[in-house]
Amino acid sequence: MTKLSVNLNKVALLRNTRVVGIPSVLEAAQTCVQAGAHGVTVHPRPDERHTKAADVYALAELLAATPGVELNVEGNTFPKFMEIVRQVKPTQCTLVPDSPDAFTSDHGWNLAKNAEESKRLAPVIEELKGMGIRVSLFMDADSPDIERAKEIGADRIELYTESYAATYGSEIVFERYAIAAKNAQEAGLGVNAGHDLNLKNLGARLRARYC
């Protein structure tokens, strides 16, 4: 069964435009859980321009009292991010290759072309899994080395779906994602998908049953 984890970053971004704490990230999480979401996702960037470290700690405490609802924390392996993850121990950690000044996540890991990335990620993945955290790697649908994610220890990949959302309705793009998901599954990887997915474009992915 496909499961939904709702990304709360934009709620945090709107909250940060003022200092009154509205809208509340915690209340948004509670609404998602009450509506039947299987989890919530946050990406605490180094500049904290949307989700803050304090949000992650508060969400972890909230969801600890909600069995079966997952916390997925996204980010690059910067020291501050790893400190948060070690303390919170979320259900899943999604590693993304964003630079500190990235406007948003805009590409996946290039494990084959950049051997240093594989070398850096492998011990991090091992540490996370040692803490009981499921690990997902952010990957492009046309990446030639999705299978390498399995080789360095990842449990899942997350397909970066911006191009799917931008070209919604294109059978060619849709097929590319279906093939990537199939390749990942055949390699023994679970498949997540995320970025610009919404009520309009999510249904086709669900009907395809590949994420």
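The values are calculated or read from the model by the stated rules, or taken from the named source; none is laboratory data. Since this is a predicted model, take the numbers as computed values, not measurements. Methodologically, a virtual Cβ is constructed for each residue, glycine included, from the backbone with ideal geometry; neighbour enumeration extends over all protein chains shown.
For region 61-75, which residues satisfy the criterion of being outside any strand (DSSP E or B) and modelled with pLDDT of 95 or more?
If the condition is that a residue be outside any strand (DSSP E or B) and modelled with pLDDT of 95 or more, then 61, 62, 63, 69 are the ones that fit.
Conditions tested, residue by residue: (1) of a type outside the set (A, V, I, L, M); (2) part of a loop (DSSP other than H, G, I, E, B); (3) at pLDDT below 95; (4) over 15 Å from the mean Cα position of the chain (by Cα).
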{"residue": "51", "(1), (2), (3), (4)": "yes, yes, no, no"}
{"residue": "59", "(1), (2), (3), (4)": "no, no, no, yes"}
{"residue": "86", "(1), (2), (3), (4)": "yes, no, no, yes"}
{"residue": "97", "(1), (2), (3), (4)": "yes, yes, yes, no"}
{"residue": "102", "(1), (2), (3), (4)": "no, yes, yes, yes"}
{"residue": "106", "(1), (2), (3), (4)": "yes, yes, yes, no"}
{"residue": "112", "(1), (2), (3), (4)": "no, yes, yes, yes"}
{"residue": "116", "(1), (2), (3), (4)": "yes, no, yes, yes"}
{"residue": "123", "(1), (2), (3), (4)": "yes, no, no, yes"}
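So which residues in region 49-60 are charged (D, E, K, R) and crowded, with 22+ Cβ neighbours inside 10 Å?
Hit for region 49-60 is 55, nothing else.
Among the numbered criteria (1) modelled with pLDDT of 95 or more; (2) not in a strand (DSSP E or B), which one does residue 40 miss?
Condition (2) is where residue 40 drops out.
Surrounded by fewer than 18 Cβ atoms within 10 Å (Cβ to Cβ) and in contact with a Phe, Trp or Tyr (Cβ under 9 Å, 6 or more places away or on another chain): which single residue out of 46, 23 fits that description?
46
Let me confirm something: among 66, 94, which residue is surrounded by fewer than 16 Cβ atoms within 10 Å (Cβ to Cβ) and of a type in the set (Val, Ile, Thr)?
On inspection, the qualifying residue turns out to be 66.
Residue 158 passes all but one of (1) over 16 Å from residue 192 (Cα atoms); (2) in contact (Cβ under 8 Å) with a residue 60 or more places away in the chain; which number fails?
(1)
Here are some residues: 28, 35. Which one is loosely packed, with under 13 Cβ neighbours inside 10 Å, of a type in the set (A, V, I, L, M, F, W, C), touching a strand residue (DSSP E or B) at 6+ places or on another chain (Cβ under 9 Å) and under 26 Å from residue 162 (Cβ atoms)?
Testing whether each residue is loosely packed, with under 13 Cβ neighbours inside 10 Å, of a type in the set (A, V, I, L, M, F, W, C), touching a strand residue (DSSP E or B) at 6+ places or on another chain (Cβ under 9 Å) and under 26 Å from residue 162 (Cβ atoms) leaves just 35.
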